Amino acid sequence: MQYIPNTEADRQKMLADIGAASVEDLFADIPAFLRLTRELDLPPALSEMELVGHMTALAQAPPTCFLGGGCYDHFIPAVVDALVSRSEFYTAYTPYQPEISQGTLTAIYEFQTMIAELTGLDAANASMYDGASALAEAAVMAVRKTGRTRVAVAESVHPEYRRVLATYLAPRRVELVQLPYEGGITAAAAVDGTAAVLVQQPNFFGCLEDVGQLAGLARAAGALFIVSCDPVSLAVLKPPGAYGADIACGEGQSLGLPMSFGGPGLGFLAVRESLVRHLPGRMAGATVDNRGRRAFVLTMQAREQHIRREKAGSNICSNHALCALAATVHLSALGPAGLARVASLCAAKAAYASAAVNGVPGFRAAFAAPFFKEFVVKSDYPWEKVRCGLSRHNLAAGPELSRFYPELAGHFLVAVTEKRTRAEIDRLKTALREVASC
Amino acid sequence: MLSQGPVPLIFEMGAPGRRAFSLPGGDVPEAVLPAGLRRETPPRLPEVSEGELVRHFTTLSNLNFGVDTGFYPLGSCTMKYNPKVFEVVARLPGLSGLHPYLPEELAQGALRIIHELERYLAEIAGLARVTMQPAAGAHGELVGVLLIRAYHESRGNPRQKILIPDSAHGTNPATAAMAGYEVVTLPSDARGGIDVGALEKAMDDTVAGLMLTNPNTLGLFDENIDVITGLVHGKGGLLYYDGANANAVMGYSRPGDMGFDVVHFNLHKTFATPHGGGGPGAGPVAVTAELAPYLPVPLVDFDGESYRLNYDLPRSIGRVRSFYGNFGVLVKAYAYIRSMGAAGLKQAAGDAVLNANYVMRHLQEYFDLPFDRACKHEFVLSGKRQKEKNGVRTLDMAKRLMDYGFHPPTVYFPLIVEEAMMIEPTETESKETLDRFIGACAAVANEARDEPEKVHGAPHTTPFGRMDETRAARQPDLRWR
């Protein structure tokens, strides 16, 4: 056990020192009938070399990725991993002791600033678990703020996010009203008496919603307008703060985090000034130390569970600090020009891909609405055939949508990031052409 | 905005037009986004060179204290050493590069890791099935209490209350409230366990369940656990095990055998995955076979040939996040269990408990020890003596420990101990380190008596001094402008 330093001699010395006969003696307060009398049934211990071999065997080289639906294959500059791999960052706990945690605290403050800048809102917290739970917590904030018990959510919001929303709202007896889509975007609908109107921009289909009109609907109903957004898109798309959103949230995986089979990602949550004290989770704020120098601390903790206990708005404590650090490094590396370039490349390649797919017999773009980096394809073939055709060319696209939207059987998503080359997109076209014969 | 500090922010560095990226030119025509939806002014993001960027974050990292820096006896947080090889295997491109919506046959290795980790955790918990979805301990608590709610609802009544001891983590009551329950706080008895009489009185058919950490936040195993589980089950309630302190009993005793119905583990505590300065962690939840139908979707099932995602749980509570959980963290916990084996995990618990008792017995001479009995993986001291006799508070002594090169213990928690100091050494510290820490604590206790002003003003040798936290809360400055 190379991770346990005690030798048998150390143990004996320590036991003698505290007057205990054996380590087992220290467990005497566990009633005997509750003590495990056998060894746990686990596989035998592996050496480091065997472990690496075993894990390498489990790893599986992925195909070229046109998959979307909330997780994207963006390029990550080497500098991101180099810096988040500094163990002073990754082996620290939550920065409760600011005198020896200025690294994490300063980075959180920088992260909060970047999220506020991207979303065009006043303040952001230190991060949430993921885009889905961030949206759910945003809805809970709105319910608490307005005292209303209905929440309207667009059906074009990620289906898994809506499922999380339902899970979070059910015990509060909040009714969830789904706003239907038409042609890929949310149709105008009645939202009277709701605490909040929740939309996604670009939405789950990749389409761009008419957010100005939806914001107006929310405002007229006295509801908060909550937008879940793709942070990469915010380099080129109007920020939520500019079209009347009260809360912006989303998934930050696109900002320097590997896809990692869906997690850990990064939830972000930003608000207007009037909602700052309703934000859940950690926040870093600037102050001075007793030597008169600017420094950062976790602040406004009176909102949180360790102080408020059952009166806290949320139970969140650990969040995704290291992922927020990765995003902060990533955004610092790209800067405004780099992020805009990434966004433009995504949009250009997605447009090229859409046109390419549209020309293949049996496949066409499902919706006419404008899109950013992904779009829905309607296929005349069964999904199994399409998937097989793509696999033959070592490509993957999707997800297929009937699992989420029964009315969209035969539809699937295609996401195109800056990493996809024209040659790869042409290969996608070729693969689809061959589907008929798969 | 305050004037620039000794360390500039990334926004205060660089120059317009400076860059730390290179991107390929376009190989397709540019696209035009609708005019009404386009951003008019770019976000104010940093414009720095790669060298500046690296120096900035390296400077910041040097202002941090991590487990790799030194001893981190932060009670209830299990700051054990995080082995390097786990970082390497979690970054294998065939794991970190997988998209969650890949066809199942192209992600068999990843699904196998989730499935096998579920089996290991079920065995360690002594329960039937485990969801990997929760992203943190508190997130796991939410799942657990929602499962309890779903169980009662299926019997026609969700019930109204959750019982929680006064020694519990703040997340327990916050979670119960999030899940729509009223919180009833139970007092502790003179030995630090639950006051069984109070429990008996509080327990009726309006109570959905009891949330308990065992060993609790005093580091004490509740000797009446079978009486407690009997009382709760007797009135149809369920028992929730907060696994924050599972490092103490791994391989020695299993929550399922104690009578718990729901257990969450903190993989970033017990299973050696790093805490990341505040996450990402992972908080898998294990349950009895009876509660398994309510678990979040999907679960990963194995049919003898291949692994697949099972969404077919009609009575599921739903989801608490997208996809399948913090897979990158799960990989590290899986690797930890594979590298420790059964004997290794038990050894870890045994040494964690031995180390804690060793430090406790050496420190009880210098501080008050409110519960004088063998502890498990951690123990709680009180700085009452120093406060009353010398006017030195626990906070002062905690800060002073930094000058000796140690991270302070958890302070002012649990709430039921005055001037509390909660110390958890973990099994990954050597006797020499423990001896040095004992020496430092003794020195601080002596200073509190002989030179209290030195302790009041601490820390003296850290890069920053004590913070004006009131100013931060009253004049919120949450972003650079």
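Brief remarks on what is shown
- Qualifying residue in segment A:287-301 (condition: touching a strand residue (DSSP E or B) at 6+ places or on another chain (Cβ under 8 Å) and at positive phi): yes
- Qualifying residue in segment B:80-101 (condition: more than 25 Å from residue A:81 (Cα to Cα) and more than 7 Å from chain A (Cβ to nearest Cβ)): no
- Just one of (1) closer than 30 Å to residue B:176 by Cα; (2) within 9 Å of another protein chain (Cβ to nearest Cβ); (3) crowded, with 24+ Cβ neighbours inside 10 Å fails for residue A:269. It is (2).
- For the residues B:171, B:78, the requirement of being under 30 Å from residue B:407 (Cβ atoms) and outside the structural domain of residue B:219 (by TED's automatic domain parsing) singles out B:78.
- Selection within segment A:308-324: residues that are among the aliphatic types (A, V, I, L, M) and within 7 Å of chain B (Cβ to nearest Cβ). The member of this set that is farthest from the chain's Cα centre (by Cα) is A:312.
- Note on segment A:236-252: residues that are crowded, with 24+ Cβ neighbours inside 10 Å and facing another protein chain (nearest Cβ under 10 Å) amount to 3.
- Among all residues of segment A:380-388, there is at least one that is over 21 Å from residue B:105 (Cβ atoms), at pLDDT 95 or above and surrounded by fewer than 18 Cβ atoms within 10 Å (Cβ to Cβ).
- Residues (of a type in the set (D, E, K, R) and over 28 Å from the mean Cα position of the chain (by Cα)) located in segment B:423-481: B:447, B:449, B:450, B:451, B:453, B:454, B:471, B:474, B:481
- Within segment B:102-125, no residue satisfies the criterion of being surrounded by 19 or more Cβ atoms within 10 Å (Cβ to Cβ), more than 8 Å from every other protein chain (Cβ to nearest Cβ) and farther than 17 Å from residue B:282 by Cβ.
- Residue within segment B:333-355 that is of a type in the set (Gly, Ala, Ser) and more than 10 Å from chain A (Cβ to nearest Cβ) present: yes
- Residue within segment A:210-226 that is closer than 26 Å to residue A:412 by Cα and in contact with a Leu (Cβ under 6 Å, 6 or more places away or on another chain) present: no
- In segment B:6-39, the residues that are β-branched (Val, Ile, Thr) and either more than 8 Å from chain A (Cβ to nearest Cβ) or outside any loop (DSSP other than H, G, I, E, B) (or both): B:10, B:32
Let's see how each residue does on (1) over 27 Å from residue B:224 (Cβ atoms); (2) among the aromatic types (Phe, Trp, Tyr):
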| residue | (1), (2) |
| --- | --- |
| A:2 | yes, no |
| A:11 | yes, no |
| A:23 | no, no |
| A:34 | no, no |
| A:40 | no, no |
| A:44 | yes, no |
| A:49 | yes, no |
| A:56 | yes, no |
| A:66 | yes, yes |
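This table checks each residue for (1) assigned to a helix (DSSP H, G or I); (2) within 7 Å of chain A (Cβ to nearest Cβ); (3) among the β-branched types (Val, Ile, Thr).
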{"position": "B:443", "(1), (2), (3)": "yes, no, no"}
{"position": "B:446", "(1), (2), (3)": "yes, no, no"}
{"position": "B:449", "(1), (2), (3)": "yes, no, no"}
{"position": "B:455", "(1), (2), (3)": "yes, no, yes"}
{"position": "B:461", "(1), (2), (3)": "no, no, yes"}
{"position": "B:472", "(1), (2), (3)": "yes, yes, no"}
{"position": "B:476", "(1), (2), (3)": "no, yes, no"}
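- All positions within segment A:145-172 that are farther than 26 Å from residue B:311 by Cβ and either assigned to a helix (DSSP H, G or I) or modelled with pLDDT under 95 (or both): A:145, A:146
- Filter result for residue B:141 (over 21 Å from residue A:264 (Cα atoms) and facing chain A (nearest Cβ under 10 Å)): no
- Any hit, segment B:133-149, residues being in contact with a His (Cβ under 8 Å, 6 or more places away or on another chain), of a type in the set (Lys, Arg) and surrounded by 22 or more Cβ atoms within 10 Å (Cβ to Cβ): no
- Among the residues of segment A:44-53, those identified as surrounded by fewer than 18 Cβ atoms within 10 Å (Cβ to Cβ), in a helix (DSSP H, G or I) and at the interface with chain B (Cβ under 7 Å from one of its Cβ atoms) are A:48, A:52.
- Complete set of residues in segment B:40-69 that are within 22 Å of the chain's Cα centre (by Cα) and either more than 7 Å from chain A (Cβ to nearest Cβ) or among the aromatic types (Phe, Trp, Tyr) (or both): B:65
- Qualifying residue in segment B:329-341 (condition: modelled with pLDDT of 95 or more, in the same structural domain as residue B:114 (by TED's automatic domain parsing), at positive phi and among the hydrophobic types (A, V, I, L, M, F, W, C)): no
- Filter pass, residue A:282 being buried (at least 24 other Cβ atoms within 10 Å of the Cβ), on the phi < 0 side of the Ramachandran plot, touching a strand residue (DSSP E or B) at 6+ places or on another chain (Cβ under 9 Å) and of a type in the set (D, E, K, R): yes
- On inspection, residue A:5 does not qualify as closer than 30 Å to residue A:262 by Cα and either in a loop (DSSP other than H, G, I, E, B) or in the same structural domain as residue A:425 (by TED's automatic domain parsing) (or both).
- In segment A:197-219, the residues that are small (Gly, Ala, Ser) and either assigned to a loop (DSSP other than H, G, I, E, B) or in contact with a Phe, Trp or Tyr (Cβ under 7 Å, 6 or more places away or on another chain) (or both): A:206, A:212, A:215, A:218
- Any hit, segment A:169-180, residues being under 25 Å from residue B:37 (Cβ atoms), surrounded by 21 or more Cβ atoms within 10 Å (Cβ to Cβ) and aliphatic (A, V, I, L, M): yes
- Scanning segment B:322-330 for any residue that is among the small types (Gly, Ala, Ser), in a helix (DSSP H, G or I) and facing chain A (nearest Cβ under 7 Å) turns up at least one such residue.
The values are calculated or read from the model by the stated rules, or taken from the named source; none is laboratory data. Here the structure is a predicted model, which is why all the values come from computation and not from measurement. When we count neighbours, we look across all protein chains shown, and the Cβ atoms used for this are built from the backbone with ideal geometry, even at glycine.
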